[in-house]
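Step one of this worksheet: look at the structure below.
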Amino acid sequence: MEPRFYQGDAVVHADGTVYRCWANLRCWTDRVRARTFGGTSVHDGQQEWMGRLRFDTSADAGAVLVADNLRLVIGNGAQNAFLANAIDHATATLTIRGSGATPF
């Protein structure tokens with residue numbers, strides 16, 4: 001599967017609080033090699049996605065970083081859980097990673 005991209009408005013639900021942000025995301029599907037009785041075959045693996053979320057303030061980004069229950073919601077209403085990996089306080093940006101069905 002070719003990579004897909006999303007840039008646009010998003011909403012993060014973090015421990016019951018809603019934060020608006022700008023999302024820049026990329027999705028791809030890993031290719032998995034499997035040994036079979038006839039040799040080897042290649043199959044699509046799990047979808048993975050990652051990117052950055054830019055918030056209005058560094059305090060909002062920090063609150064999302066330490067939250068336990070995170071869900072990213074894209075404009076069409078699709079959503080999924082994700083992990084926040086790192087924060088850039090100067091730009092109020094979080095680096096995130098998710099797996100499974102993408103919200104875009």
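For A81, only one of the following conditions fails: (1) in contact with a helix residue (DSSP H, G or I) (Cβ under 8 Å, 6 or more places away or on another chain); (2) surrounded by fewer than 16 Cβ atoms within 10 Å (Cβ to Cβ); (3) hydrophobic (A, V, I, L, M, F, W, C). What is its number?
It is condition (1) that A81 fails.
Does Q79 count as in contact with a Pro (Cβ under 7 Å, 6 or more places away or on another chain) and over 14 Å from N24 (Cβ atoms)? It would help to see each step written out before you state the result.
Details: in contact with a Pro (Cβ under 7 Å, 6 or more places away or on another chain): yes; over 14 Å from N24 (Cβ atoms): yes.
So Q79 passes the test.
Pull up the range 21-44, narrow it to residues that are small (G, A, S) and exposed (fewer than 12 other Cβ atoms within 10 Å of the Cβ), then point me to the one that is nearest to T91 (Cα to Cα). Write out each step before concluding.
Filtering the range 21-44 for residues small (G, A, S) gives 23, 34, 38-39, 41.
Within this subset, residues satisfying the condition of being exposed (fewer than 12 other Cβ atoms within 10 Å of the Cβ) are 34, 38-39, 41.
Working: A34: 43, G38: 53, G39: 50, S41: 44 Å.
So, considering only residues that are small (G, A, S) and exposed (fewer than 12 other Cβ atoms within 10 Å of the Cβ), the one nearest to T91 (Cα to Cα) is A34.
For the range 70-80, name all the residues that are modelled with pLDDT of 95 or more and either farther than 13 Å from C21 by Cβ or in contact with a Phe, Trp or Tyr (Cβ under 7 Å, 6 or more places away or on another chain) (or both).
Answer for the range 70-80, where residues must be modelled with pLDDT of 95 or more and either farther than 13 Å from C21 by Cβ or in contact with a Phe, Trp or Tyr (Cβ under 7 Å, 6 or more places away or on another chain) (or both): L70, L72.
I need the full set of residues from the range 1-34 which are modelled with pLDDT of 85 or more and either acidic (D, E) or out of contact with any strand residue (DSSP E or B) (no Cβ under 8 Å at 6 or more places or on another chain) (or both), in order please.
Listed by number, the residues that qualify are D9, D15, G16, T17.
For the range 56-79, how many residues are touching a Leu at 6+ places or on another chain (Cβ under 9 Å) and of a type outside the set (G, A, S)?
6
Based on what the data block shows, is V18 surrounded by fewer than 17 Cβ atoms within 10 Å (Cβ to Cβ), assigned to a strand (DSSP E or B) and of a type in the set (A, V, I, L, M, F, W, C)?
yes
The values are calculated or read from the model by the stated rules, or taken from the named source; none is laboratory data. What you see is a predicted model; the values in this text were computed from it and never measured. Counting neighbours? That spans all protein chains shown, and the Cβs are built from the backbone with ideal geometry, glycine included.
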